[in-house]
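Below: the structure, in structure tokens.
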Amino acid sequence: MTLNRQLQAAQAKWAAAGLRNYTYDLRQLAAPVLFPEVRITVRNSRRTSLKPVQGDVMVALPMTAGPMEERFATVRQTLRAQQQTRCPDLKLRFDPALGYPTLVYSGTAEANVADGYGEWSIRRLLPLP
């Protein structure tokens, strides 16, 4: 199955689940910057809270930290960008039950590239009442 079809199937699962209220933890790396892990709260499909998982101070904000629909849009943008890359290196994983992306890695397989890759992962997605 192509990555685009995997993405479409995953997004269909997410839409079918109908979750509009949930929290999730996001880890993001934009080489060479590792952002602090954050807990995102979404209510009515809008981000209502963004807090560090550990500690009280947010040193840097992740580039995108919003509802799952934004995460899917980011994956689509990544797929389009990788089509223009000479030696693309892309890894995608989706939650088997709910379809949300659990891992996105995007980089290049060219030798001697010290940065220029990014990765984010979602852990602990919990539905809210």
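Report the extension gain between D25 and A97 in nm, rounded to one decimal, defined as 0.36 nm multiplied by the number of residues separating them, less their alpha carbon distance. Could you put the intermediate results ahead of the total?
Values: separation 72, 0.36 × 72 = 25.92 nm, distance 1.76 nm.
Gain in length upon complete extension: 24.2 nm.
Please arrange L79, L128 by accessible surface area, largest first, computed with a 1.4 Å probe and ligands excluded. Could you put the intermediate results ahead of the total?
Numbers: L79 15, L128 50 Å².
So, going from the largest accessible area down, we get L128, L79.
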Fill in the blank from the handout: Residues whose built amide H sits under 5 Å from the amide H of D95, excluding neighbours closer than 5 in sequence, are Y100, T102
Exercise for the section: Please list, in chain and number order, the residues 5+ apart from L125 or on another chain whose amide H is under 5 Å from its amide H, with Hs placed from the backbone. Expected result: D25
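The values are calculated or read from the model by the stated rules, or taken from the named source; none is laboratory data. No experiment lies behind these values; they were computed from the predicted model shown. Heads up: the accessible areas ignore ligands, DNA and RNA and are worked out on the full protein's heavy atoms, side chains in. Shrake-Rupley method; radii C 1.70, N 1.55, O 1.52, S 1.80 Å.
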